[in-house]
Ligand SMILES: C[S@@+](CC[C@H](N)C(=O)[O-])C[C@H]1O[C@@H](n2cnc3c(N)ncnc32)[C@H](O)[C@@H]1O
């Protein structure tokens, strides 16, 4: 008998791609909490997590599903944050967290209740710094969203993290994603979807949009062809990016890697800060081969040009990073030159992060190795090590520069 993939009653099977997706989401969420609790005087971090397609919470093999992963990572982050604050003589941070879990199947939500309750009980007994409240909803997501908005607005949550894991179907409207991103001061979304439903949606809702995105006759032929061609991935990625970066400041438009056909995308969107995208890129590099990008790997990843041999499959591995560093060494001085002769590093990050798959260490290494630019501290010192570069620094063209490498690269088509 063929078993249903999400048969929570008899034991849902955890597919390998979901296991890897869980690892990325868990690691990112943990890092997110650490980054958001860095201020020495901070005493509280308030956030709402909304798991719109929550599932039953535990797979047949015993591994946790997304709602349990959020709770476990919250507990882990609380210990890291507060142990480190004790070491530094700082006051503790309390986490006030609302977890809204929704699944349209009430039986699944009952199973989830049972799986969540021991974790919540343990937090109550042992974690004085965590105040976790869980709300259970049982509607199709678009309907549940009306209730979710009411709760978030009446309880005045400003930090929200949505996990919209819609198992490959088109169950979340693009307009809903837009609303989430624009309604909260700090909104982040993990968004899983099947690419073909997005392309079908665009073709149906506004065919001219695809043309505006540079999808002409030739590209349409590529899109309707086999899903495992690298050109197909590059094109689909550009469509995803154009669609979502209209309203989200930072969109990682990478596909879940599958050499047999890039069907599913796990997007991360953030409206607030380049830091979110920086952390997400770094998590992808810790989990190489999980996501795939096709195009350039420097600052302008979507500048696809069929004549440019810099286009390649980027799987966030060691070899990819070497290629990225080579491109960054040229791209960074060009970017600074185009903006004048210097810029605060925080402005540089804000302007470039949406368009690069690069690891933060590689961006910093390229700055340190550059013969053209340098990172200068606010006291005028020049940074000598990538690890000491800070967002408060200024990125400046060097007084003595060799223009040669930049000009040589400029002759290539971008
Ligand atoms: C991919 S599974 C969720 C897995 C879970 N997020 C995890 O990572 O462990 C998708 C879940 O969505 C539920 N579902 C399907 N359609 C839905 C809809 N329109 N609204 C809400 N839930 C839905 C299914 O019952 C199923 O449990």
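Only the coordinates and a few stated rules stand behind these numbers; no lab work does. Nothing here was measured: the structure is a model prediction, and the numbers come from that model. A quick note on method: Cβ atoms are made from the backbone with ideal geometry, for glycine too, and the neighbour counts reach across all protein chains shown.
Report the semi-axes of the equivalent ellipsoid for the chain in whole Å, largest first, where each axis is √(5λ) for an eigenvalue λ of the Cα gyration tensor. Walk me through the numbers on the way to the answer.
Working: eigenvalues 268, 169, 64 Å².
Over the Cα atoms of the chain, the semi-axes work out to 37, 29, 18 Å.
Direction-averaged shadow area of the convex hull around the Cα atoms of region 36-150, nm²? Numbers along the way, then the final one.
Numbers: hull surface 31.1 nm².
If you wrap the Cα atoms of region 36-150 in a convex hull and average its projections, you get 7.8 nm².
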Sites residue 149 and residue 222 - FRET efficiency at Förster radius 51 Å, r taken between beta-carbons, to 0.05
0.85
Antiparallel DSSP beta bridges within region 1-106, as percent of all bridges there, nearest 5:
10 percent
For residue 178 and residue 128, compute 0.36 nm times the residue count separating them, minus their Cα-Cα distance, and round to one decimal in nm.
14.4 nm
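Which order do peptides 314-324, 362-372, 334-344 fall in by mean Cβ count within 10 Å, highest first?
Numbers: 314-324: 17.8, 362-372: 20.7, 334-344: 14.3.
Top to bottom by mean Cβ count within 10 Å: 362-372, 314-324, 334-344.
Would you please give the FRET efficiency between residue 322 and residue 76, computed as 1/(1 + (r/R0)^6) with r the Cβ-Cβ distance and R0 = 30 Å, to the nearest 0.05?
Values: r = 32 Å, r/R0 = 1.08.
Using R0 = 30 Å, I get an efficiency of 0.40.
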For residue 142 and residue 230, extending 7 Å from Cα along the Cα-Cβ vector and measuring point to point gives, in nm, a value of 3.9 nm
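Once fully extended, how much extra length lies between residue 167 and residue 246, figured as 0.36 nm per residue of separation less the alpha-carbon to alpha-carbon distance? Mind showing how you got there, number by number?
On the way: separation 79, 0.36 × 79 = 28.44 nm, distance 2.42 nm.
Length difference between fully extended and current span is 26.0 nm.
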Counting only C-alpha contacts under 8 Å and six or more residues apart, can you give the relative contact order of the chain as a whole percent?
11 percent
If packing is taken as the average count of other Cβ atoms within 10 Å, what order do 145-151, 354-360 fall into, highest mean first?
354-360, 145-151
Using only Cα atoms and rounding to the nearest 10 degrees, what angle (0 to 90) does helix 66-87 make with the longest principal axis of the chain?
70 degrees
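Show me the three semi-axes of the equivalent ellipsoid for region 12-52, from the C-alpha gyration tensor (sqrt of 5 times each eigenvalue), largest first, rounded to whole Å. Let's see the in-between values first.
Numbers: eigenvalues 166, 29, 5 Å².
Taking √(5λ) for each eigenvalue gives 29, 12, 5 Å, largest first.
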Here the tail fraction of P(r) beyond 22 Å, over all Cα-Cα pairs of region 248-368, rounds in percent to 30 percent
Site residue 384, offset 7 angstrom along Cα→Cβ, radius 20 Å on amide nitrogen, limited to region 343-364, gives 364
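Listed highest first by mean packing, meaning other Cβ atoms within 10 Å per residue, what order do 119-128, 244-253, 390-399 come in? Provide the component values of the computation, followed by the final result.
Numbers: 119-128: 13.5, 244-253: 20.7, 390-399: 15.2.
With the highest mean Cβ count within 10 Å placed first, the list reads 244-253, 390-399, 119-128.
Given the DSSP H assignment, sum -39500 (n - 2.57) over each helix run of at least 4 residues in the chain and divide by its residue total; what's the result at 222 nm in deg cm²/dmol, nearest 500? Could the numbers behind the result be given before it?
Values: 14 runs with 187 residues, N = 414.
Taken over the chain, the calculation gives -14500 deg cm²/dmol.
For region 323-410, rounded, prolate or oblate, judged on the Cα gyration tensor with a ≥ b ≥ c (square roots of eigenvalues), a/c < 1.5 rounded, else prolate if a/b > b/c?
Numbers: a/c = 1.39, a/b = 1.12, b/c = 1.24.
Rounded is the answer for region 323-410, as its axis ratio a/c remains below 1.5.
Based on DSSP, what percent of beta bridges with both residues in the chain are antiparallel, to the nearest 5?
Numbers: 25 of 52 bridges.
Roughly 50 percent of the beta bridges in the chain run antiparallel, per DSSP.
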Which angle from 0 to 90°, rounded to the nearest 10, does the C-alpha axis of helix 274-286 make with the longest principal axis of the chain?
80 degrees
Treating the angle as unsigned and between 0 and 90°, give the value, to the nearest 10°, between the Cα long axis of helix 360-369 and the longest Cα principal axis of the chain.
20 degrees
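Quote the FRET efficiency, to the nearest 0.05, computed for residue 16 versus residue 90 with a Förster distance R0 of 30 Å and r equal to the Cβ-Cβ distance. Write down the numbers at each step before the final one.
Details: r = 41 Å, r/R0 = 1.37.
With a Förster radius of 30 Å, E is 0.15.
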Please compute the modelled spin-label separation between residue 117 and residue 260, points set 7 Å along Cα→Cβ, answer in nm with one decimal.
4.0 nm
